[in-house]
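Contents: one structure, followed by commentary.
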Amino acid sequence: MSLTRFSSMTFTFAMAVGFTILPISPAFAQEKAASSPAIPLARPTMAKICSNCHTPEQGNLRGYFESVAYKTQSIQIRIDDAVEILRFDKTALKVQNVLADNTDEPLRSIKNGKEVRVQYTEKDGKKFATLVVAKPAIKVAPEKLLKTEEVEKLVAAGPENGKYLLIDCRPAPKFMEGAIPTAINIPFPAFDKNIDKLPKDKNALIVYYCAGAT
């Protein structure tokens, strides 16, 4: 049976039983799609890199501090590609891990791009910050720190001659983007699963590095 004959028979049958087959126009399809209720996407509450060490918490945002406006009592937080604007009460807001010269406006001492956790309450669809915690710097004893030129010498010698193990403890995606030569990747959250990669000699030099003091 040819395609033309089949289509003709289908149309004849449709007319006989009392309905007509009509093509759906693009305009109708668009109108139908527009009338269908859209399901809103959940806004992120935590930057992806924060998930390496933390889990989402109700009433908390983790991201990067962008700006503060004391005149309108609002702050802007960036969570990857999303931006959150929160209001705050200047007299009630608590700020932690910030060394501020201006104690009346401590948020001004937080640099753009600084990692922060913001605790908030929600009212009438708006978020109100109650606590802003800046990520503190990691404290390492001076005698346990290596200078850049010392690491350069080790890398130039190589792990066997230099008798060292260089560990990049950043998340794997960051390691894949680029790392110091001879380094292996053991992300901090996965340390316990990678103990077998550590030297058998307990006196061997192990050097760790990450993305910075925080």
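The values are calculated or read from the model by the stated rules, or taken from the named source; none is laboratory data. Just so we're clear, the structure is a prediction, and the values are computed from it rather than from any experiment. Note that each Cβ is placed from the backbone with ideal geometry, even for glycine, and that neighbours are counted across all protein chains shown. What goes into the accessible areas is simple: the full protein's heavy atoms, side chains included, and nothing from ligands, DNA or RNA. Shrake-Rupley method; radii C 1.70, N 1.55, O 1.52, S 1.80 Å.
If the Kirkwood radius is taken over C-alpha pairs of segment 132-214, then at 37 °C and 0.692 mPa s the Stokes-Einstein diffusion coefficient equals 234 µm²/s. Ellipsoid fit via the Cα gyration tensor, segment 43-90: semi-axes of 22, 11, 8 Å, each the root of five times an eigenvalue, largest first.
Per-residue packing, averaged as other Cβ atoms within 10 Å, sorts the ranges 42-51, 117-126 into the order 42-51, 117-126, beginning with the highest.
Once all protein chains are placed together, GLU57 keeps about 90 Å² accessible to a 1.4 angstrom probe. At a Förster distance of 45 Å, what's the computed FRET efficiency of LEU131 paired with GLU160, Cβ-Cβ distance as r, to 0.05? So the FRET efficiency works out to roughly 0.35. What pairs from LYS163/LYS200; LYS111/LYS139; LYS144/LYS200; LYS94/LYS135; LYS174/LYS202 go past 18 Å between their alpha carbons? From LYS163/LYS200; LYS111/LYS139; LYS144/LYS200; LYS94/LYS135; LYS174/LYS202, over 18 Å: LYS111/LYS139; LYS144/LYS200; LYS174/LYS202.
With the highest mean first, a sort of the peptides 84-97, 63-76, 191-204 on other beta-carbon atoms found within 10 angstrom per residue produces 63-76, 84-97, 191-204. Residues of segment 175-209 falling in the label zone of ILE138, defined by backbone nitrogen less than 15 Å from a point 7 Å along Cα to beta-carbon, are 175, 180, 184-192, 206-209. Taking the alpha-carbon distance from LYS48 and a cut-off under 19 Å, which aspartates and glutamates remain once sequence neighbours fewer than 8 residues away in the same chain are dropped? Straight-distance partners of LYS48: GLU57, GLU66, ASP80, ASP81, GLU84, GLU115, ASP168, GLU177.
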